[in-house]
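Quick notes on the structure that follows.
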Amino acid sequence: RAREIAARLGYRVFAAGGVVRDILLKAGNLDIDLVVEGDGIALAEALAGAYGAQVRAHHKFGTAEVLFPDGFKVDVATARVEFYEYPAALPRVESSCVRHDLYRRDFTINAMAVDLNGEHFGDLIDFFGGRQDLQQGLIRVLYNLSFIEDPIRLLRAVRFEQRYGFKIEPQTLKLAQEAVRREVLARVSPERLWEELKHILMEEKAGRMLERLHQLGMWPFAFPGVTYWEVQPVLHDLGESMQLLEEWGFPPGNEPWLCYFIAALHWTDPETVRSLCERYHLNKRQTGKVLATLANWRLVLSRLCLRDGARTSELVRTLLLLPPEAHPLILTLMDEEWLKERFRQLLVLLRESKPTVDGTYIKSLGYRPGPIFRRALDAVWQARLDGLVKNSDEEKAFVQE
Ligand code: ATP
């Protein structure tokens, strides 16, 4: 549809960047980037109008996001060339507009486009050898100053390298090492660093990516004050634990990056951790989860390890000392099968052992709402966990007692 609208408006339009890379790799990609030789914002608005979508326009940059009701997103950029200098009627110059846009990109594999116009529909535009690098599995910058110009590309190189199991091309690796040595990452704002770091922490192979950041000397810029080797084994295995928890029916919640963040910091002193949470603007709730884990993971682990004499209710309550995002960490730290199985059973109980009596029942006994409600409900819950009451009638009798 973008193609029809572009033709109507007299613009040329291309799909560019990650979507082209992922089509060639036959990998899924939900984001579409369009580059428009013309007014990108006007195209975005026309596209949104045709589908009842929303537009978020950034006039200063000539870019816009089209947000479709089903969550699908299209980014539209205006190829940055002054159009009165380069009339759109001249095909040779037109393609130099998209070339200009592609040249600003990070790596050859991300700097390809697909022509969406008329008879050229579907043609691959590949000025920098991106397709060949994709075939050979290489991450290559477009020019020598790329990392100096935008140091965040150092982290992106690692992310794409590990995500696709590629290699950073030797000359690019040299440039990266030199940029790291010159401490270019110290110039990046924490906000931008965090944006990219969070992308890494949400990747399936986040553990390997963090290891690579360490190998290439970037870790101290990402996690200042945190010693990598202390958390290395846990980060290495965390992905597996997250997968296991998912198989058990306990996915990591809607902030999966927090699992890695927590694991990366669990061995660090609270002061450093607090300042890192501030630096990356974690909100109060997220910071609370990180600090609660820091304060309690050793205790939780040692209690769960108790072989005899531990009441189920006590164990379940112990688990409540940790946020769910710390579960992958705890599971990773467990090295015995019986312990993992106990952990699984406790998680099931935590989720499923809600008592059937509630405040309404206590009220019906003539009590007025107050602290006694919580105490009574808590006591029933514990009794249920310890098998002292088994059904609703027994719960009611227990409350009356
Ligand atoms: P992902 O699958 O992680 O979304 P992506 O390539 O789509 O990968 P985005 O961060 O959405 O990643 O970037 C879209 C495109 O914008 C990239 O493919 C790349 O061409 C370009 N790009 C993004 N960040 C930079 C950067 N720092 N420097 C140069 N080009 C960039």
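The values are calculated or read from the model by the stated rules, or taken from the named source; none is laboratory data. Computed from a prediction, not measured in an experiment: that's the story for all the values here. Note: ideal-geometry Cβ built from the backbone for every residue, glycine included; neighbour counts use all protein chains shown.
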Next item on the list: Pick out the one residue from 298, 303, 311, 307 that is surrounded by fewer than 17 Cβ atoms within 10 Å (Cβ to Cβ) and touching a residue at least 40 places away in the same chain (Cβ under 8 Å).
Entry: 311
Notebook entry, point to check: For the stretch 314-341, which residues satisfy the criterion of being in a helix (DSSP H, G or I) and surrounded by fewer than 19 Cβ atoms within 10 Å (Cβ to Cβ)?
Noted result: 314, 317, 324, 337, 338, 339, 340, 341
Margin query: Being modelled with pLDDT of 95 or more, surrounded by fewer than 12 Cβ atoms within 10 Å (Cβ to Cβ) and within 30 Å of residue 197 (Cα to Cα): is that true of residue 269 here?
Written below: yes
Note to self: Just to check your reading of the model, which residue among 312, 360, 318 is of a type in the set (Ser, Thr, Tyr) and touching an Asp or Glu at 6+ places or on another chain (Cβ under 8 Å)?
What the structure shows: 312
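Looking at the stretch 24-64, which of its residues are assigned to a strand (DSSP E or B), in contact (Cβ under 8 Å) with a residue 24 or more places away in the chain and either loosely packed, with under 14 Cβ neighbours inside 10 Å or at positive phi (or both)? Write out each step before concluding.
To start, the set of residues in the stretch 24-64 that are assigned to a strand (DSSP E or B) comprises 31-37, 54-58, 63-64.
If we keep only those that are in contact (Cβ under 8 Å) with a residue 24 or more places away in the chain as well, we get 31-37, 64.
Result: 31, single match.
Restricting the stretch 103-114 to residues that are in contact with a strand residue (DSSP E or B) (Cβ under 6 Å, 6 or more places away or on another chain) and not aromatic (Phe, Trp, Tyr), which is nearest to residue 4 (Cα to Cα)?
Filtering the stretch 103-114 for residues that are in contact with a strand residue (DSSP E or B) (Cβ under 6 Å, 6 or more places away or on another chain) and not aromatic (Phe, Trp, Tyr), the one nearest to residue 4 (Cα to Cα) comes out as 114.
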Notebook entry, point to check: What residue, among those in the stretch 145-168 that are more than 18 Å from residue 185 (Cβ to Cβ) and either among the hydroxyl-bearing types (Ser, Thr, Tyr) or not in a helix (DSSP H, G or I) (or both), is farthest from the ligand (Cβ to nearest atom)?
Noted result: 167
Notebook entry, point to check: Quick check: anything in the stretch 99-111 closer than 25 Å to residue 164 by Cβ, at pLDDT 95 or above and either more than 13 Å from the ligand (Cβ to nearest atom) or part of a strand (DSSP E or B) (or both)?
Noted result: yes
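Condition check ((1) of a type in the set (D, E, K, R); (2) surrounded by 15 or more Cβ atoms within 10 Å (Cβ to Cβ); (3) closer than 27 Å to residue 26 by Cβ; (4) in contact with a helix residue (DSSP H, G or I) (Cβ under 8 Å, 6 or more places away or on another chain)) across all residues:
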| position | (1), (2), (3), (4) |
| --- | --- |
| 164 | no, yes, yes, no |
| 176 | no, yes, no, yes |
| 198 | yes, yes, yes, yes |
| 208 | yes, yes, yes, yes |
| 212 | yes, yes, yes, yes |
| 217 | no, yes, no, yes |
Next item on the list: Working only within the stretch 1-12, note down all residues that are touching an Asp or Glu at 6+ places or on another chain (Cβ under 8 Å) and either without any contact (Cβ under 8 Å) to a residue 24 or more places away in the chain or within 16 Å of the ligand (Cβ to nearest atom) (or both).
Entry: none
Check: For the stretch 231-266, what are the residues that are at pLDDT below 95 and of a type in the set (Asp, Glu)?
Finding: 255
